[in-house]
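Asker: Here you go, one structure.
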Amino acid sequence: MSNWRGVLEQLVRERGRALFGYAYVLTGSRDEADDLLQDALVRAFKAGRSARSVDEAHVYVKKAIATAFIDHGRRAAARPRFADADLGVHASLVDHSHATEMVLDLRAAVLALGARERACIVMRYMEDLRVDDIAAALNLAPGTVKRYLHEAIQRLRAMLPELEFADLDTTDVTTLKGGAR
């Protein structure tokens with residue numbers, strides 16, 4: 001058995017559920033998450049590409065999941081759409097006293113976001129990644145990630161006003177003598 005096959009088998013055995021969960025959070029659908037995970041595994045291990053460890057393969061597959069999700073969203077946005085009834089966003093907010101209802105509302109609101117906004121929100125608030133780390137993972141500029149996060153938060157707050165978000169990463173501005181930065 002070649003090394004990449006052993007790493008693939010160990011990755012699926014030890015981390016398959018976590019990778020599936022990550023894909024599920026992005027897609028909101030078991031079938032789509034399964035397809036997304038399979039696509040990411042194929043991307044990661046095609047042509048016998050070698051991974052030295054399960055940790056390295058895990059990171060690469062997670063990045064492949066995020067990239068494939070964004071690519072799929074981009075392609076879907078280019079196709080004509082006839083109805084937005086399947087978004088699952090309710091016009092009126094339900095009583096959020098039950099945790100289950102809040103989770104369902106949050107899920108619907110996150111699924112209503114665009115692919116890049118959703119990926120950034122999931123990476124920031126579910127994986128607790130910093131803006132720079134998200135930018136590196138998605139191959140975007142940090143400012144672009146901040147813009148996606150800002151827009152996503154505004155949309156989520158409009159749908160779920162009681163939802164609170166931690167502040168985004170900020171950069172200190174140092175003023176030098178003479179007013180130069």
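The values are calculated or read from the model by the stated rules, or taken from the named source; none is laboratory data. None of these values were measured; they are calculated from a predicted model. Methodologically, a virtual Cβ is constructed for each residue, glycine included, from the backbone with ideal geometry; neighbour enumeration extends over all protein chains shown. These accessible areas exclude ligands, DNA and RNA; they are computed on the full protein's heavy atoms, side chains included. Shrake-Rupley method; radii C 1.70, N 1.55, O 1.52, S 1.80 Å.
Asker: Being open to solvent by 20 Å² or more (accessible area, probe 1.4 Å), within 17 Å of the chain's Cα centre (by Cα) and among the polar types (S, T, N, Q) is the filter here, so list the residues in the stretch 26-69 that pass it.
Answerer: Correct list: 29, 38, 67.
Asker: May I pose another question? Touching a Phe, Trp or Tyr at 6+ places or on another chain (Cβ under 7 Å), at pLDDT 85 or above and either part of a helix (DSSP H, G or I) or farther than 25 Å from residue 154 by Cβ (or both) - does that describe any residue in the stretch 87-109?
Answerer: Our first condition is that a residue be touching a Phe, Trp or Tyr at 6+ places or on another chain (Cβ under 7 Å); within the stretch 87-109, this holds for none.
For the stretch 87-109, residues touching a Phe, Trp or Tyr at 6+ places or on another chain (Cβ under 7 Å), at pLDDT 85 or above and either part of a helix (DSSP H, G or I) or farther than 25 Å from residue 154 by Cβ (or both): absent.
Asker: Within the set of pairs 6 or more residues apart or between chains, which connect a residue that is touching a residue at least 12 places away in the same chain (Cβ under 8 Å) and farther than 14 Å from residue 123 by Cβ inside the stretch 16-27 to a residue that is of a type outside the set (Val, Ile, Thr) and open to solvent by 60 Å² or more (accessible area, probe 1.4 Å) with Cβ atoms less than 8 Å apart?
Answerer: Close Cβ pairs satisfying both conditions: 20/34.
Asker: Moving to a separate point now. State yes or no: is residue 130 closer than 30 Å to residue 42 by Cα, at pLDDT below 90 and more than 12 Å from the chain's Cα centre (by Cα)?
Answerer: Working: closer than 30 Å to residue 42 by Cα: yes; at pLDDT below 90: no; more than 12 Å from the chain's Cα centre (by Cα): yes.
No.
Asker: I've got another one for you. Kindly provide the set of residues from the stretch 105-129 that are touching a residue at least 60 places away in the same chain (Cβ under 8 Å) and either buried (at least 21 other Cβ atoms within 10 Å of the Cβ) or not charged (D, E, K, R) (or both), ordered by number.
Answerer: 110, 111, 118, 119, 122, 126
Asker: Would you be able to tell me the number of residues in the stretch 152-166 that are in a helix (DSSP H, G or I), more than 13 Å from the chain's Cα centre (by Cα) and buried (at least 16 other Cβ atoms within 10 Å of the Cβ)? Can you show your working first?
Answerer: Residues of the stretch 152-166 that are in a helix (DSSP H, G or I), as a first pass: 152-159.
Adding the requirement that they be more than 13 Å from the chain's Cα centre (by Cα) leaves 153-159.
Adding the requirement that they be buried (at least 16 other Cβ atoms within 10 Å of the Cβ) leaves 153, 155-156, 159.
Adding up the residues that qualify gives 4.
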